[in-house]
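Presented below is the structure to which this report refers.
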Amino acid sequence: MDLAGRIAIVTGGSSGLGAQVCRRLVEAGALVGVNFSRSEDAARDLVSTLGADVAHAVRADVRNEASVSRMVAEVEARFGGPVELLVNNGGVTTYAAAADLTSVTAADWERILAVNLIGPWNCARAVVPSMRARGTGGIVNVASDAAFTLDGSSVPYVVSKVGLVALTTMLATALAPEVRVNAVAPGWMDTPWLDRYLPPDVAAELRGGAEPVVEVDLVAQEVVRLLSGHRTGEITQMSG
């Protein structure tokens with residue numbers, strides 16, 4: 001699929017991988033809705049850099065269906081057409097060893113599953129009807145290699161990404177051939193996400209080479225490749 005002129009939404013698009021995906025999509029000619037929940041300044045700075053004619057900052061809480069519907073309507077009104085590309089990149093976690101059953105709360109579970117799993121479902125539901133009606137569309141979910149190694153920042157995070165991989169596979173089958181649904185599953189990446197969710201010593205160890213780190217731009221390029229391609233149900237695992 002030629003991405004020139006296609007309208008996209010990237011959730012969690014204001015920084016890190018999401019921001020780089022936005023940059024790569026604009027380079028490919030797409031028009032991009034840069035979703036943010038709290039990082040308004042970062043989103044607007046990115047839009048200023050990319051150009052207001054090709055990017056638009058839009059607030060939405062992906063956990064909330066009405067908020068997602070408003071986001072889609074705003075992006076479609078801004079660019080004058082339907083959303084044909086969706087990147088479910090927004091995600092949260094907490095940091096706790098798998099054996100630590102006391103640190104992870106019910107609120108952690110609810111928040112992580114709501115953002116990482118229900119959020120992509122809400123966003124897909126909002127854009128799929130018009131994609132199906134037009135006979136074309138692409139969705140890429142940002143999962144994690146933790147879904148396969150079963151080793152990550154916390155149990156709820158890993159479970160949420162296992163669920164996202166399952167959701168990707170199920171939707172790829174259910175929505176074919178009109179809508180292509182794929183996923184990337186990267187390992188650790190050096191983004192602001194590390195500083196937001198990991199203890200400083202753990203983030204420093206990762207940056208110091210304690211574990212392989214995936215280059216953010218390589219993952220962003222893979223997201224664009226999946227959106228541009230004709231296959232569905234691909235899960236690209238990417239480790240450093």
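Data for the structure
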item: Conditions (1) touching a strand residue (DSSP E or B) at 6+ places or on another chain (Cβ under 6 Å); (2) open to solvent by 40 Å² or more (accessible area, probe 1.4 Å); (3) over 17 Å from Arg6 (Cβ atoms): number failed by Glu40; result: (1)
item: Residue in segment 198-214 that is open to solvent by 40 Å² or more (accessible area, probe 1.4 Å) and either within 16 Å of the chain's Cα centre (by Cα) or within 30 Å of Ile7 (Cβ to Cβ) (or both) present; result: no
item: Some residue of segment 146-165 being more than 25 Å from Pro82 (Cβ to Cβ), open to solvent by 10 Å² or more (accessible area, probe 1.4 Å), modelled with pLDDT of 95 or more and in a loop (DSSP other than H, G, I, E, B); result: yes
item: Any chance Arg180 is basic (Lys, Arg) and either surrounded by 16 or more Cβ atoms within 10 Å (Cβ to Cβ) or farther than 29 Å from Leu101 by Cβ (or both); result: yes
item: Selection count, segment 102-123, where residues are charged (D, E, K, R) and touching a Ser or Thr at 6+ places or on another chain (Cβ under 7 Å); result: 1
item: Tally, over segment 59-106, of residues that are more than 24 Å from Glu222 (Cβ to Cβ), open to solvent by less than 60 Å² (accessible area, probe 1.4 Å) and either acidic (Asp, Glu) or outside any loop (DSSP other than H, G, I, E, B) (or both); result: 10
item: Given (1) open to solvent by 30 Å² or more (accessible area, probe 1.4 Å); (2) farther than 13 Å from Asn89 by Cβ; (3) not acidic (Asp, Glu), number of the condition Arg24 does not satisfy; result: (2)
item: Selected residue (only one of Ala4, Ala8 is under 21 Å from Ala126 (Cα atoms) and not in a helix (DSSP H, G or I)); result: Ala8
item: Single condition Ala172 does not satisfy, out of (1) open to solvent by less than 10 Å² (accessible area, probe 1.4 Å); (2) in a loop (DSSP other than H, G, I, E, B); result: (2)
item: Segment 30-51: number of residues that are part of a loop (DSSP other than H, G, I, E, B) and more than 14 Å from Ala8 (Cα to Cα); result: 4
item: Segment 107-120 - residue that is of a type outside the set (Lys, Arg) and open to solvent by 70 Å² or more (accessible area, probe 1.4 Å) and, of those, nearest to Asn141 (Cα to Cα); result: Ile118
item: All positions within segment 121-132 that are closer than 18 Å to Ser67 by Cα and either in a loop (DSSP other than H, G, I, E, B) or open to solvent by less than 20 Å² (accessible area, probe 1.4 Å) (or both); result: Asn122, Cys123, Ala124, Val127, Val128
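The values are calculated or read from the model by the stated rules, or taken from the named source; none is laboratory data. Just so we're clear, the structure is a prediction, and the values are computed from it rather than from any experiment. Reconstructed Cβ throughout: ideal geometry from the backbone, glycine too, with neighbour counts over all protein chains shown. With ligands, DNA and RNA removed, areas are computed over all heavy atoms of the protein, side chains included. Shrake-Rupley method; radii C 1.70, N 1.55, O 1.52, S 1.80 Å.
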